[in-house]
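Trainee: Let me begin by handing over the structure; questions about it come next.
Where a number appears in this text, it was derived from the coordinates with a stated rule and is not lab data. Since the model is a prediction, treat every value here as computed from it, not as a measurement. With ideal geometry, Cβ positions are generated from the backbone for all residues, glycine too; neighbour counts draw on all protein chains shown.
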Amino acid sequence: MKHIAIIGSGPAGCYLADQLLRVIPDSSIDIVEQLPVPFGLIRYGVAPDHQSTTAVARLFDRTLGRDRVSFFGNVHVGRDVKLDELLELYDAVVLATGAPKDRKLGIAGEDLAGVIGSGAFVGWYNGYPQRPEPPVSNVRSAVVIGNGNVASDVARILAKGPEELAGSDLPRQVRAWLSAQPLETIHLVGRRGAADAKFTDHEIEELGTLQRARPIVDPDDLTGDSPLVNTLRTFAHAPHRDTPVTIHFHFNLTPAEFLGDASLRAVRFRSSDGKTVEIPAQLAITCIGYEAVACCSASPVNGCFAHEEAKVGDRLFVVGWAKRGPSGTIPTNRAEAQQVAQKIVQEIQDANRPGGTGLRELLERRGVGPIDYAGWRRIDDAELAAACAEHCREKLLNTDEMLETARAGHPKPV
Ligand code: NAP
């Protein structure tokens, strides 16, 4: 048997496990995950009102339940087991650890209360364990910095009213915080022109269909006729509609400074013609990308792990955002997993290593109790059972509750 450990159970790790099962029939695959629950970005990154995108979790769930796959949830590589120890125990180890750290703008005022990176904000509204809510209240104006799909997700979640969020798995506490804000204006700000924005046209079109909010675009900002620019042009020429919230698109504004004393008061930008523009705001979300973080002795360079055809070092591989940086959609990971699996097939040798048996023994000696697939299923059942009529799931929001639910075997309402 060839033993492979994948660190991280997000889309990159799960697609890779699925591929490895197909291409290495005599393989056993262990997925090691720091949280008690699997699926990473699918659970904590994809917009909670886009449940069709999260449906891929059903496929990953089937992979996790396969005979030759074991889930080791609640095992933190670095704290509970070292990367070198995994390399002793397994024939190959794969970093599928994503890019969990928010990139910084590096401008003054970035530490003010009310300035939040998209990873922290999206994690919070998706119920990532122990993520605090934004430390501001009475938000009337929000600035969303960046012109990519994360920025449009964030703007949409802020813009939607409670009825429009029905059907999502937005946690109850998040729904309460959002409803409590007297939000009037969302500013979506890009440093380049509309033609260079990274939004997907389809995502932006959705902003024109909202009930509580309407997009506002200056037609003079638009050149070219890409599908995205044409959608923005439709917004610019749409008949006036009265809505409580407006979403203003701004282009060619580079962030210069966050202004305020303890909390954010405004964001200062520099325009392409050298002028200064100040947008008042109580909340600013920077949606400007993410970086990978070190895994023991393996350290990223410029936000991701250096590799040659997915190989980082002897028997150590990388996949997903940890490999290529924060780009692409969920299916991008599927195509990449096929390539990385082929590379592992070429390199892997059966060296009689103990694999999961050895990992279980080591964790037991250290008093670490991993959560297995059955434990995850109990958490899943409890979350589905706790859902109210308007929402499809009520996530457990702290790891102690998750562990208790997974271990007790008794579904526990939130
Ligand atoms: P992204 O698409 O790379 O967008 C990042 C944005 O941040 C860009 O507009 C970029 O501007 C801007 N930016 C970067 N550094 C900046 C700086 N110093 N100052 C001002 N602006 C700065 O990344 P993302 O939105 O985080 O999304 C990550 C990946 O996930 C993307 O591939 C995205 O398509 C995908 N995703 C997909 C969906 C979906 O399919 N529904 C949803 C969410 C995310 P420049 O272009 O000028 O660099």
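Trainee: For a protection proxy built on the mean count of beta-carbon atoms within 10 angstrom, sort 391-400, 276-285 highest first, please.
Mentor: The packing order, highest mean first, is 276-285, 391-400.
Trainee: Given the options 301, 245, 319, which has the most mean-square fluctuation in a GNM of the chain, springs set between C-alpha atoms less than 10 angstrom apart?
Mentor: Of 301, 245, 319, the most mobile in the Gaussian network model is 301.
Trainee: Are there trypsin sites (Lys or Arg not before Pro) in the stretch 263-299 that DSSP marks as loop and that have at most 14 other Cβ atoms within 10 Å, and which are they?
Mentor: Loop-located and lightly packed - 275.
Trainee: Using a ≥ b ≥ c from the Cα gyration tensor of the stretch 1-88 (square roots of the eigenvalues), is it rounded, prolate or oblate, where a/c under 1.5 gives rounded and otherwise the larger of a/b and b/c decides, a/b for prolate?
Mentor: Oblate, because a/c is 1.5 or more while a/b does not exceed b/c.
Trainee: Sequence-distant or interchain residues sharing an amide H contact under 5 Å with residue 283, placed H: which?
Mentor: Residues meeting the criterion, in which the H sits 1.01 Å from N, are 141, 143.
Trainee: While we're on this one: May I ask for the distance between the Cα centers of the stretch 341-368 and the stretch 131-164, given as a whole number of Å?
Mentor: Using only Cα atoms, the two centres lie 42 Å from each other.
Trainee: Which whole-Hz couplings ³J(HN,Hα) result when phi for each residue of the stretch 292-305 is put into the Karplus expression 6.51 cos²θ - 1.76 cosθ + 1.60, θ = phi - 60°, listed in order with x for Gly and Pro?
Mentor: Running phi through 6.51 cos²θ - 1.76 cosθ + 1.60 with θ = phi - 60° gives 6, 10, 4, 10, 6, 6, 8, 10, x, 10, 6, x, 8, 7 Hz.
Trainee: Hey, what did the chain get for relative contact order, percent, Cα under 8 Å, at least 6 apart?
Mentor: That works out to 24 percent.
Trainee: Using the Karplus curve 6.51 cos²θ - 1.76 cosθ + 1.60 with θ = phi - 60°, work out ³J(HN,Hα) for each residue of the stretch 214-229 in order, rounded to whole Hz, and write x for Gly and Pro.
Mentor: 9, x, 10, 10, 7, x, 5, 7, 10, 10, x, 9, 5, x, 5, 4
Trainee: Could I ask something else about it? Can you list the residues, at least 5 places off or on another chain, whose amide H is less than 5 Å from the amide H of residue 37, using H built in the peptide plane?
Mentor: The answer is 74.
Trainee: Which peptide among 13-26, 35-48, 376-389 comes first, and what is the full order, when sorted by highest mean count of other Cβ atoms within 10 Å?
Mentor: So the order, starting with the most tightly packed, is 35-48, 13-26, 376-389.
Trainee: Trypsin sites (Lys or Arg not before Pro), restricted to the stretch 190-258: which are DSSP loop and have at most 13 other Cβ atoms within 10 Å?
Mentor: Filter output for the stretch 190-258: 241.
Trainee: Output wanted: per-residue J couplings in Hz (rounded whole) for the stretch 377-388, from phi through Karplus 6.51 cos²θ - 1.76 cosθ + 1.60, θ = phi - 60°, x for Gly and Pro.
Mentor: Residue by residue, the stretch 377-388 yields 4, 5, 5, 4, 4, 5, 5, 5, 5, 7, 5, 8 Hz.
Trainee: Just add up the charged neighbours of residue 221: K/R +1, D/E -1, any other residue whose Cβ is under 15 Å from the Cβ of residue 221.
Mentor: With Lys, Arg at +1 and Asp, Glu at -1, the net is -1.
Trainee: Next question. Quickly rank 357-363, 28-34, 179-185, 332-338 as a protection proxy: mean count of other C-beta atoms within 10 Å, highest first.
Mentor: For the peptides 357-363, 28-34, 179-185, 332-338, the packing ranking is 28-34, 332-338, 357-363, 179-185.
Trainee: Cut-off under 24 Å on the C-alpha distance; same-chain residues fewer than 8 positions from residue 101 excluded. Which lysines are left, in chain and number order?
Mentor: Result set, ordered by chain and number: 82, 198, 311, 323, 395.
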